[in-house]
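J.: To start, I am sharing the structure in question, which I have written as structure tokens.
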Amino acid sequence: MTKLRIDVNLTWLAPSRVGGSEEYLCRQLLGLFAAGEADDLSVRLFCQPSFQAAHPEFSGRAELVTTPFRRDVRGARIIAENTWLALRTRSADVVHHGGGTAPIVGRRSILLTVHDLQYLQFPQYFSRARREYLARLMPGSVKRAELVGVPSEFVRGTVIDAFGVDSDRVLVVPHGVPDVERPRDQEIASVRALYGVGSDYVVYPAITHPHKGHGVLLQFLAATASPKHDLHDVVVVFVGAEGSAEATLRAVADAAGVSGRVVRTGRIPTAHRDALVAGALAVVFPSEYEGFGAPLVEAMDLGVPVVASDHPAVVEVCGDAATIVRSRSGEAWAAAVSDASSRRDQLISAGHVRRKAFTLERSGVALGGAYRRIAPTQRSITASNGD
């Protein structure tokens, strides 16, 4: 059996530095193997030398081809994608560009992954250079791609609207979230003690970027400050690295007098994060913009109620397994956390059902289907051209 050759451009990916897009792409690629979708595929990953050490799970599954150029020198990377990469992928059945843009030179048998279009809705959160780069390259990349893969129906709609692309060329390849095993009570207690977290807390696992909306949770703390409130002892735990909004959040917390009710862990091991989530009253998720929202699914797996913003992608992921808050006020979030506490068992049960929509296998099947949809067309074109 002749296998379809799939070349995946990950040259843009700096391990542990590009956040959710790295998780999304690596997990859906792993889903190919988990679902048996790679049995008739020969997969090559073009990546930075650091990728192999960061992702040993691909060893023996895909061939890794490391780049001779640095990812952080954008101009050099773009030139290399149109020369070095184009030459090496010219005989592939499908070339999968995973970073939202595709080079001008190279095979037109392109699957382009677009994670989100946040730069259009919140341009103020991007550097001028980054905005100009995306504005120049993304529209043409979408036009050249045979198919565009996105993580949610929300992103699918924004891509169709923003670039005028035919709807049948944009398909959802859902995020595949690995199963998360709930830690034992002893492990949860140990991790809470390690970070100085008491018994009543909510947790937000997100880097402190402006669009993540951490400030809403400071308003939540201010609204619950009165001893008369049943949440007046609740602490907010921020789990994740420091982003560009970090200094502002610290200043606002100090000014509001709620710094003593904020625990800031920074980036921590996954096992510690899961333990803190598992022991929480709720996972709170006030993000203003998401392409998907994997922490929501992880919270469902860990048996924790979710309280989330009404952003379309967030609502799409949560379904009926969350309390949705349609306001940015602290009072509204206080009422929502109280509601989640009163419906805890119901939300946990709904979450266990909802998370089944986002398995690695489902993601892998969707990705494999996208590859096969492109490949027959390209093979017939190649045959007619005598290549």
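Read-outs throughout are calculated quantities, based only on the coordinates presented, and are distinct from any laboratory measurement. Bear in mind the structure is a predicted one, so any value in this text is a computation, not a measurement. When we count neighbours, we look across all protein chains shown, and the Cβ atoms used for this are built from the backbone with ideal geometry, even at glycine.
J.: When the stretch 31-54 is examined, which residues are found to be crowded, with 23+ Cβ neighbours inside 10 Å and in contact (Cβ under 8 Å) with a residue 60 or more places away in the chain?
T.: Within the stretch 31-54, 31, 32, 38 meet the criteria.
J.: Here are 60, 75, 106: which of them is part of a loop (DSSP other than H, G, I, E, B), surrounded by fewer than 21 Cβ atoms within 10 Å (Cβ to Cβ) and not basic (Lys, Arg)?
T.: Working: 75 fails: part of a loop (DSSP other than H, G, I, E, B); 106 fails: surrounded by fewer than 21 Cβ atoms within 10 Å (Cβ to Cβ).
Sole residue among the options that is part of a loop (DSSP other than H, G, I, E, B), surrounded by fewer than 21 Cβ atoms within 10 Å (Cβ to Cβ) and not basic (Lys, Arg): 60.
J.: Return the total of residues in the stretch 317-333 being part of a helix (DSSP H, G or I) and crowded, with 22+ Cβ neighbours inside 10 Å. Please lay out each step first, then the result.
T.: First, pick out the residues of the stretch 317-333 that are part of a helix (DSSP H, G or I): 317-318, 330-333.
Among the residues that remain, those that are also crowded, with 22+ Cβ neighbours inside 10 Å are: 317-318, 333.
Going through the stretch 317-333 one residue at a time, the tally reaches 3.
J.: So which residues in the stretch 238-256 are out of contact with any helix residue (DSSP H, G or I) (no Cβ under 6 Å at 6 or more places or on another chain), among the hydrophobic types (A, V, I, L, M, F, W, C) and closer than 19 Å to residue 195 by Cβ, if there are any at all?
T.: Within the stretch 238-256, the subset out of contact with any helix residue (DSSP H, G or I) (no Cβ under 6 Å at 6 or more places or on another chain) is 238, 240-244, 246-248, 250-251, 254-255.
Restricting the remaining residues to those that are among the hydrophobic types (A, V, I, L, M, F, W, C) gives 238, 241, 247, 251, 255.
Once the filter is applied, which keeps residues that are out of contact with any helix residue (DSSP H, G or I) (no Cβ under 6 Å at 6 or more places or on another chain), among the hydrophobic types (A, V, I, L, M, F, W, C) and closer than 19 Å to residue 195 by Cβ, the stretch 238-256 yields 238, 241.
J.: Go over the candidates 197, 216, 191, 203 one by one and state the one that is assigned to a loop (DSSP other than H, G, I, E, B) and either closer than 18 Å to residue 247 by Cβ or hydrophobic (A, V, I, L, M, F, W, C) (or both). Break it down stepwise before answering.
T.: Working: 216 fails: assigned to a loop (DSSP other than H, G, I, E, B); 191 fails: assigned to a loop (DSSP other than H, G, I, E, B); 203 fails: assigned to a loop (DSSP other than H, G, I, E, B).
Unique residue meeting the criteria: 197.
J.: Sticking with this structure for a sec: What number of residues within the stretch 219-248 are touching a Lys or Arg at 6+ places or on another chain (Cβ under 9 Å) and crowded, with 19+ Cβ neighbours inside 10 Å?
T.: Residues that pass the stated criteria total 11.
Results for (1) in contact with a strand residue (DSSP E or B) (Cβ under 8 Å, 6 or more places away or on another chain); (2) at positive phi; (3) in a loop (DSSP other than H, G, I, E, B); (4) exposed (fewer than 15 other Cβ atoms within 10 Å of the Cβ), shown as yes or no for each residue.
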site	(1), (2), (3), (4)
277	yes, no, no, no
292	no, no, yes, no
300	yes, no, no, no
315	yes, no, no, no
336	yes, no, no, no
339	yes, no, no, no
353	no, no, no, yes
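J.: I'd like to verify a number: residues in the stretch 125-156 that are in contact (Cβ under 8 Å) with a residue 60 or more places away in the chain and of a type outside the set (A, V, I, L, M, F, W, C), how many?
T.: Number satisfying all stated conditions: 6.
J.: Still on this structure: In contact with a Phe, Trp or Tyr (Cβ under 9 Å, 6 or more places away or on another chain), surrounded by 16 or more Cβ atoms within 10 Å (Cβ to Cβ), within 22 Å of residue 292 (Cα to Cα) and β-branched (Val, Ile, Thr), is that true of residue 101? Steps first, please.
T.: Values: in contact with a Phe, Trp or Tyr (Cβ under 9 Å, 6 or more places away or on another chain): yes; surrounded by 16 or more Cβ atoms within 10 Å (Cβ to Cβ): yes; within 22 Å of residue 292 (Cα to Cα): yes; β-branched (Val, Ile, Thr): yes.
The answer is yes for residue 101.
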